[in-house]
1. Which residues, taken from region 362-374, are surrounded by fewer than 15 Cβ atoms within 10 Å (Cβ to Cβ) and not in a strand (DSSP E or B)?
2. Six or more apart or on different chains, Cβ under 7 Å: which pairs go from a residue in region 307-336 that's in contact (Cβ under 8 Å) with a residue 40 or more places away in the chain to one that's among the basic types (Lys, Arg) and more than 8 Å from the ligand (Cβ to nearest atom)? Could you list them?
3. What strands (runs of 3 or more DSSP E) completely inside region 437-479 contain at least 3 residues that are touching a residue at least 60 places away in the same chain (Cβ under 8 Å) and not β-branched (Val, Ile, Thr)?
4. Look through Gly145, Gly186 and report the one residue that is modelled with pLDDT under 95 and either aliphatic (A, V, I, L, M) or away from the ligand (no atom under 16 Å from the Cβ) (or both).
5. Need the failing condition index for Thr181 against (1) modelled with pLDDT of 95 or more; (2) surrounded by 13 or more Cβ atoms within 10 Å (Cβ to Cβ), just the number.
6. Restricting the search to region 57-73, which residues are assigned to a loop (DSSP other than H, G, I, E, B) and in contact with a helix residue (DSSP H, G or I) (Cβ under 9 Å, 6 or more places away or on another chain)?
7. Look through region 302-340, keep the residues that are closer than 17 Å to Ser205 by Cβ and in contact with a His (Cβ under 6 Å, 6 or more places away or on another chain), and return whichever of them is farthest from the ligand (Cβ to nearest atom).
8. Restricted to region 429-443, and to residues that are surrounded by fewer than 22 Cβ atoms within 10 Å (Cβ to Cβ) and either modelled with pLDDT of 90 or more or under 23 Å from the mean Cα position of the chain (by Cα) (or both), which residue is nearest to the ligand (Cβ to nearest atom)?
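The values are calculated or read from the model by the stated rules, or taken from the named source; none is laboratory data. Here the structure is a predicted model, which is why all the values come from computation and not from measurement. With ideal geometry, Cβ positions are generated from the backbone for all residues, glycine too; neighbour counts draw on all protein chains shown.
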Amino acid sequence: MNGTMMNSPLVLSSLLERAGTLYGGVEIVSRLPDRSFHRYRYADFYRRARQLAEALQKAGLQRGDRVATLMWNHYAHLEAYFGIPSAGGVLHTVNLRLHPDDIAYIMNHAEDRFLIVDDVLLPLYEQVKDRVGVERVFVVSLTSGEVPAGYEKYEDFLAAAAGDFRYPELEENEAAGMCYTSGTTGKPKGVLYSHRSLVLHSLASALADTLAISQQDSVTPVVPMFHANAWGVPFTAVMVGAKLAFPGPHLDPPSLLDLFEEEKVTFAAGVPTIWLGMIQALEKDPDRWKLQPMRMAVGGSAAPEGLIRAFDRFGLRIVHAWGMTETTPIATVSRIKSTLAHLSGDEQYAIRAKQGLPVPLIEARIVGDQGEVPWDGKTMGELQVRGPWVAGGYYNLPESRDSFTEDGWFRTGDVATIDPEGYMKITDRTKDLIKSGGEWISSVDLENALMGHPAVAEAAVFAVPHPKWQERPLAVVVLKAGAQVTVGELRAFLEPRFAKWWLPDAIVFVDEIPRTSAGKFLKAKLREQFRDWFADGEHRA
Ligand code: AMP
């Protein structure tokens, strides 16, 4: 027997409608390229997002057509986040940090029909424009008002709307958004989000035990809106009617700290690199910024325990989360259960440094060579997940079937453990694992330990071929400005924490660590660079 409730579709336009009607006075602030601030309110955002939807319809947008964005985090990108899906289109956020060849590949694969681009990013688009088939390009004037010939002004496009927009009858399983994975190997793969998945993900992200985003918050998505929908934070913030303070292109620690102070930011989300830089700025000049008590969602790479502790000393609370483009992305969040509140401070920090518990409606399991492994906190295997906002396939890429199991789980490619309480801990990417003498070594644990040393700004550990052990770990370390430490001291620092065979055979000081477009360590490049380091079988420090 069915229940007798209404079967209302879960669509993003409902979130826009509610925000526009109930929270018209709430502010949306955006830092512009010239560092000045653009300010308006939800009432303006609501009107303009609907204008965009209407203008797109008038331009002939068909259901499911892809509209690409090449934009920083600001008000106009938020208008695209809601205006495009509300018109029945698909918001395709293009990663501006990628190589132009990859951007061209992605835009062609997605068959983007229209593009909205920041004026400051036009030079990037110019590098691909002859290789892609975009019909019309709308330029957002963030600096001067002028746009070059061949392009249209976004403002003129909006002005073409008469204000009589009516939402199409959207179905919840229709596509609303699209992101390509920024994998470190292979071609980018398209993930196509449905309205339903984005609405459910927003509801789950707002929960008190996950990211706890509420109307009372002032929210800064530091993570780019072109990367996994800025972890869905813009959707969630609009769903609850929270103030938004966008950083635009200014992501250096002092600019962000100024923004947090001036806009009284209470919630922000970003990758560890951002917070590692910020803690250094705070420690150097502890009285410069008067911040609100903040929660910071950290993911994308592991949040080192030392970072969590350091921010606690400033009354700023890191909430560690794990996810992927394929999981929309929030899938696990580390919060201390009420039944574990009695644990010591150290034990609680160890839990907070894990990637956490699956959020409601997401299931996780660890699979080894012999099938599912026990939740003992020790046995490593591949992390597999499933749930209503986990990709069930990639866009137009039949050969990617290997990413899914026969029984309907997504293979994350991450190696992890789950402890008896259900806390998941990432130990590596499958391809980043170090296998020494047949045993696995977790590069992430070694990196986090090294980054806990007061002289170390950043550390990456990776596998280098070794004649005797097949692979041995090598660490590259960037020191904090003005700090000094010897290899011997770092080794002594690691020794009590790890089995002897886990210790890196070499620790090399470098000026910087190569990164992917998403700010993650580019281990493939490091492996290549240091390929012959142990070729003669010597342990070279
Ligand atoms: P992306 O799809 O670009 O967001 O990358 C997803 C990948 O980032 C995951 O498969 C993990 O390898 C990594 N990742 C995300 N969050 C975390 C985290 N909290 N700790 C460690 N790795 C993470």
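1. Scanning region 362-374 gives Asp369, Gln370, Pro374.
2. Once the first residue is in contact (Cβ under 8 Å) with a residue 40 or more places away in the chain and sits in region 307-336, its partners that are among the basic types (Lys, Arg) and more than 8 Å from the ligand (Cβ to nearest atom) give Ile308/Arg352; Val319/Arg295; Ser334/Arg352; Ser334/Lys354.
3. Qualifying strands (runs of 3 or more DSSP E): 456-466.
4. Gly145
5. (1) is the only condition that Thr181 fails.
6. Once the filter is applied, which keeps residues that are assigned to a loop (DSSP other than H, G, I, E, B) and in contact with a helix residue (DSSP H, G or I) (Cβ under 9 Å, 6 or more places away or on another chain), region 57-73 yields Ala59, Leu61, Asp65, Met71, Trp72, Asn73.
7. Filtering region 302-340 for residues that are closer than 17 Å to Ser205 by Cβ and in contact with a His (Cβ under 6 Å, 6 or more places away or on another chain), the one farthest from the ligand (Cβ to nearest atom) comes out as Thr328.
8. Arg429
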